[in-house]
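The values are calculated or read from the model by the stated rules, or taken from the named source; none is laboratory data. The structure presented is a predicted model; accordingly, all values stated were derived computationally and were not measured. Here the Cβ positions follow ideal geometry from the backbone for every residue, glycine too, while neighbour counts run over all protein chains shown.
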């Protein structure tokens with residue numbers, strides 16, 4: 001009798017484990033399917049946002065072109081419409097949303113409300129300077145969008161300026177991670193193959209070890 005009870009207990013445990021495993025598998029599979037659908041929707045939505053930012057293409061700048069006040073106003077409206085159309089705004093990753101919102105804000109806001117505050121100064125910015133600023137920040141937005149859909153490429157502004165870095169840090173970006181810095185394996189290879197980089201790192205470390213005086 002005891003052997004029969006033990007067999008029933010073991011069988012019940014096996015069935016329970018099997019049902020639990022099956023439940024976990026179906027739950028994981030369901031989440032994966034939902035994530036794939038979100039990724040597909042995000043790719044389509046991002047393609048639309050990318051297209052409407054064409055007036056802010058960096059390629060305009062070398063030829064003397066910029067983003068006029070009228071173009072900035074039109075782009076602000078277009079980006080707002082995109083955000084609410086079919087819930088596209090919900091598909092933005094958190095960091096991408098911050099960059100999107102701040103770059104859009106900077107399209108039209110007064111000079112003293114530009115973000116970050118590095119742009120606040122005694123001299124009023126010209127329309128050309130405001131246009132160039134928006135071109136750079138929207139280029140940063142597209143670089144982050146590429147990261148979201150795992151298209152890592154090198155950002156158009158390979159060497160980030162001080163205002164670029166302050167803008168990204170304000171948005172919460174980690175400048176030591178892609179797309180703002182090379183992937184870790186590329187940095188490791190450069191560390192091994194570039195003696196100058198090692199010297200600079202050693203110099204900084206030695207400077208940090210120096211005693212401070214008050």
inquiry  = Suppose we keep only residues that are surrounded by 15 or more Cβ atoms within 10 Å (Cβ to Cβ) and not in a helix (DSSP H, G or I) within segment 73-112. Which one would you say is farthest from the chain's Cα centre (by Cα)?
reply    = 92
Selection count, segment 48-72, where residues are at pLDDT 90 or above and loosely packed, with under 12 Cβ neighbours inside 10 Å = 3
